[in-house]
1. Within the range C:131-151, restricting attention to residues that are more than 11 Å from chain B (Cβ to nearest Cβ) and in a helix (DSSP H, G or I), which residue is farthest from residue C:191 (Cα to Cα)?
2. Please go through (1) buried (at least 24 other Cβ atoms within 10 Å of the Cβ); (2) farther than 25 Å from residue C:52 by Cα for residue C:163 and return the number of the only condition it doesn't satisfy.
3. Can you give me the ranges of the helices (runs of 4 or more DSSP H) entirely in the range C:152-251 with at least 1 residues that are touching a Cys at 6+ places or on another chain (Cβ under 8 Å) and not aliphatic (A, V, I, L, M)?
4. Is it the case, given these coordinates, that residue A:266 is more than 19 Å from residue A:39 (Cα to Cα), part of a helix (DSSP H, G or I) and under 24 Å from the mean Cα position of the chain (by Cα)?
5. Looking only at the range B:77-85, decide whether some residue is buried (at least 24 other Cβ atoms within 10 Å of the Cβ) and either in contact with a Ser or Thr (Cβ under 7 Å, 6 or more places away or on another chain) or within 22 Å of residue B:156 (Cα to Cα) (or both).
6. Checking the condition under 25 Å from the mean Cα position of the chain (by Cα), closer than 30 Å to residue B:81 by Cα and facing chain A (nearest Cβ under 10 Å), which residue from B:118, B:137, B:123, B:127 passes?
7. Given the conditions (1) surrounded by fewer than 22 Cβ atoms within 10 Å (Cβ to Cβ); (2) within 14 Å of chain A (Cβ to nearest Cβ); (3) without any contact (Cβ under 8 Å) to a residue 12 or more places away in the chain, report the number of the one that residue B:182 does not fulfil.
Amino acid sequence: MLEFVIVSTLNGVTYGLLLFMVSAGLTLIFGMMGVLNFAHASFYMLGAYIAYSITRTIDFWIGLLVAPILVGLLGVLVERYLLRRVHRYGHAHELLLTFGLAFIFEELIKLFYGDFPVNYAMPAYLRFPAFSLFGADYPFYRIFIGLVAIGMFVLLYLLLSRTRAGLVVRAAERLPSMAEALGHNVPLVFMGVFGVGAALAGLGGAVAGAFFPTNPNMALELGVIVFVVVVVGGLGSIEGSLVASLMIGVFSSFAVGLNWSLARLFDLVGLGDWARDLGGLMTLTLSSISGTVPFLLMLIVLLVRPAGLFGERN
Amino acid sequence: MALLWRLLPLALLMAVLIGLPPLLGAGLQNAMTNMLIAALFAVAFNLLMGQGGMLSFGHAAFYGVGAFAVMHLMTAIDRGGLSFPTPLLPLAGAAAGLIVGLITGWFATLRSGVYFALVTLALAEMLHSLAPHWEGLFGGEAGISSMRMPWGGFLFGRVIEIYYLTLIWVTLCIGLLYAFTRTPFGRLTLALRDNEERVRFLGYDAHATKMIVFAVSATFAGVAGGLLAVSNEQTNYELFSTHVSAQVVLHTFVGGSTVFFGPAIGAAIFTLFAYLVSDVSRSWLLYQGVIFVLVMLYAPLGIGGVVMLHLRHWARIPWRRMAAPYAGATAATLLVGAGAVMVVEFLEVLFSPHYFALRRRADMGWPEFHRFGTSWEPFGLATWVPPVLLLILGLLVLLRLRRRIVALWEEVHEQAAAEGRGEA
Amino acid sequence: MSADAVLELRGIAKSFGPARILEGIDLSVRRGERHAVIGPNGAGKSTLFNLISGLFPPTAGSILLNGREIAGRPPHRINRMGLARSFQITNIYHRLSVFENLRIGVMARHGLRFSMFRPVSGLRAVNAESEALLQRIRLERRRDQPAGDLTYSEQRALEIGMTLATGPEVILLDEPTAGMSQDETHYVIELIREVTEGKTLLVVEHDMSVVFSLCDRISVLVYGELLATGTPDEIRANRAVQEAYLGEEVA
């Protein structure tokens with residue numbers, strides 16, 4: 001039991017930190033530009049695939065460095081030449097455009113890499129156990145993912161709060177027209193933020209893809225969870241997405257290993273067999289619905305407090 | 001007389017839909033059935049979007065619910081001995097869509113804009129993740145299957161019979177949806193789309209109104225799902241996936257969300273082309289995505305919207321001067337399309353596992369590959385120069401003609417504005 | 001409550017967080033009168049209208065319409081009780097025709113809120129009433145054009161028409177002549193005078209000539225407080241009002 005708790009917590013925290021890497025950019029972009037970027041998880045996927053290609057041809061660490069940069073550049077291009085064109089048609093249109101882009105990115109990956117997983121793995125010397133827990137080895141790489149995420153968060157926080165550029169970004173988030181009136185190049189800021197957000201997601205993909213499966217479906221799988229995270233955390237709040245990522249990461253890790261069901265609850269009062277006979281909802285285990293609960297949480301947050309945990313009430 | 005002109009295209013369409021399929025093979029007939037279903041789904045979706053101004057990213061929920069409801073009814077008839085007219089099966093889809101639509105609609109319409117879209121996404125994803133684990137209701141991962149039972153002298157075994165059944169249902173439903181737009185409530189939903197706040201200040205309960213629109217849209221989406229169940233005789237949880245929700249969004253906006261028949265046009269074009277092209281190319285979805293993005297960038301009104309724009313300004317368009325640029329733009333588009341398709345198809349082959357195996361056999365060299373009935377050298381000029389040339393040429397022509405066409409259209413709008421002011 | 005007060009505000013206050021917009025408003029609008037609310041920008045006039053029409057609830061106080069409490073009620077309920085308002089920034093349905101814009105309001109008056117089983121073209125009474133309203137606001141020749149294509153003053157006229165469509169007893173007009181030339185202002189004021197015959201009108205206005213010629217009584221709102229209420233002459237003579245607001249404009 002204790003083993004389960006510790007391992008699940010560790011897994012949950014590292015997975016949560018990975019979610020944070022991807023969702024931080026998304027929430028920043030939404031908070032600033034009002035665009036919910038459906039293609040954000042695609043940047044994650046592209047980061048993984050580009051890192052894979054670079055790892056195969058050159059080096060793993062170069063891949064980790066270069067992939068996010070390339071993805072960031074792509075993000076900048078997307079914002080400058082595509083998103084900005086449809087800005088005048090409204091937010092719904094921007095949303096749809098990013099939606100279409102996500103589609104295209106997925107199909108392009110399938111075109112170049114095939115509609116199956118690729119073998120993107122970390123170099124052998126990183127494949128050691130961090131420590132031994134109850135006889136089983138806990139992989140170092142998982143911790144590595146968490147460390148990269150933490151490092152990234154610290155860097156981001158420092159950038160936003162201590163540098164001039166960060167100040168301008170925060171000003172442009174609150175009142176873009178005012179910031180522009182004060183002479184700051186707000187379109188450039190938007191481009192930069194979009195690029196950085198994309199690069200962060202790309203970094204997440206580059207790091208995580210070496211551990212988790214790298215396949216054309218990874219954008220979709222992670223994408224919907226990332227939406228849950230940014231909604232629950234509060235659209236626009238980075239602290240919120242950190243907290244929400246950890247919450248959902250830990251919950252998912254725990255739930256996957258638990259076979260609790262309503263029927264077992266009824267066992268406590270001796271009605272277990274009756275409940276099991278009913279079937280349906282009664283026999284659904286927590287592990288099977290572990291994928292559903294985050295969406296339920298997202299729904300509840302949207303209906304009760306759309307600003308999320310840390311978001312601003314509009 | 002004007003009415004006759006308006007009804008003529010519709011009559012022609014119906015004539016084709018009724019008369020053509022018996023002449024086609026079973027594969028095409030099935031494709032046309034799917035096309036009709038997709039068209040109904042898209043029109044139902046657009047009731048919410050184009051009419052009500054609410055963008056839903058989870059409409060697959062009602063589509064799937066309708067399909068499963070009909071599936072259960074079919075199972076009850078097939079194995080349970082229940083007596084129910086087969087042609088009326090989609091009614092179960094409507095009922096399921098209505099009930100689920102009312103319940104979810106109450107929640108969803110509490111929010112608007114991107115939050116509304118996220119609520120619909122969450123609802124659909126909840127179903128999508130829950131369904132494979134819920135054996136009783138959704139048949140787990142394998143889904144549920146059944147058989148159509150004969151009724152009223154018809155066997156309902158042949159594809160053509162299912163096609164006509166679907167045609168009747170879809171025509172009826174789209175007709176009802178069109179009539180709906182002409183009712184007071186239908187006009188109200190249009191107003192809601194334009195300006196929800198004002199609707200409230202005119203004495204309407206906006207939330208209740210939105211909920212009803214939502215429910216009506218869900219009902220007809222449920223019918224579409226039900227028709228799919230009847231046609232396929234099997235359903236599974238994949239009907240709740242984001243892919244299905246994505247498809248209807250793509251169809252609607254390529255066809256044009258501001259025009260009633262727009263989504264049907266988009267759905268028809270995409271499903272038909274998917275059927276025709278998917279045998280010849282594996283990159284069909286990529287083309288679909290690219291077309292969608294291009295429409296979003298350059299023709300935000302969609303095909304239907306562009307058609308309506310031309311109809312509206314028919315008399316004002318200087319056709320003699322417009323004809324040449326339009327013809328040129330069409331030709332240029334075909335050039336660009338041909339070039340792009342060539343590039344994509346070449347890349348697709350070069351990166352395929354099949355070609356990789358060929359390379360292995362050639363000691364990791366770069367042997368010739370086959371496409372479009374001929375063989376090509378992977379690094380040969382003859383391979384890449386033609387498509388690149390087509391692309392460049394086509395794009396240059398398009399860019400030049402675009403300016404001309406835009407200028408001509410500015411004239412048209414000027415004239416329209418002048419007429420409005422009473423000067424022309 | 002005074003016998004002929006159709007709209008009464010008692011102790012109305014409104015704050016948004018720490019910002020106090022309105023404080024201690026006591027206002028009584030008599031049945032059938034034309035009542036103006038004037039004051040410098042930022043005095044809280046639009047907030048007052050928003051409170052009365054139900055956009056948000058007051059922080060304190062009550063609003064009585066024909067003796068019934070409407071404070072905090074949703075806008076559609078208040079409208080059905082007989083009060084309608086226009087907006088300072090034109091709030092029309094841009095993509096619908098002028099005729100349709102009016103008809104939406106008329107439909108509401110006839111209780112046709114969820115009617116989806118008959119064509120709207122068959123509703124003779126509704127259509128006739130919409131036509132009549134169209135003629136009253138003198139936009140017949142723009143009948144089938146999208147409302148978004150109209151000129152600014154035409155849109156303002158439509159705005160007023162939509163406000164009237166629901167057949168209200170009490171009409172709130174928020175700066176109906178904002179941004180208009182002399183001629184347009186004169187036109188719109190005559191229109192307002194005509195269409196508010198026999199109804200109660202509460203109007204926010206900046207144009208003093210309009211206010212003094214059109215209205216029976218005036219209330220002066222300054223920094224969220226009601227400085228004075230009275231006939232145009234009384235207000236003109238009021239020293240406090242002169243100091244705070246009117247300045248030399250009135251002379």
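1. C:131
2. Only one criterion is unmet by residue C:163, namely (2).
3. Hits in the range C:152-251: C:232-237.
4. No, not satisfied.
5. no
6. When all the criteria are applied, what remains is B:127.
7. Every listed condition holds for residue B:182 apart from (2).
Each row is one residue, and each column tells you yes or no for (1) under 33 Å from the mean Cα position of the chain (by Cα); (2) part of a helix (DSSP H, G or I); (3) surrounded by 11 or more Cβ atoms within 10 Å (Cβ to Cβ).
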{"site": "B:385", "(1), (2), (3)": "no, yes, no"}
{"site": "B:388", "(1), (2), (3)": "yes, yes, yes"}
{"site": "B:392", "(1), (2), (3)": "yes, yes, yes"}
{"site": "B:415", "(1), (2), (3)": "no, yes, yes"}
{"site": "B:419", "(1), (2), (3)": "no, yes, yes"}
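The values are calculated or read from the model by the stated rules, or taken from the named source; none is laboratory data. Small disclaimer: the values here were computed from a predicted structure and weren't measured. Neighbour counts are summed over all protein chains in view; Cβ atoms, including those assigned to glycine, are modelled from backbone coordinates with ideal geometry.
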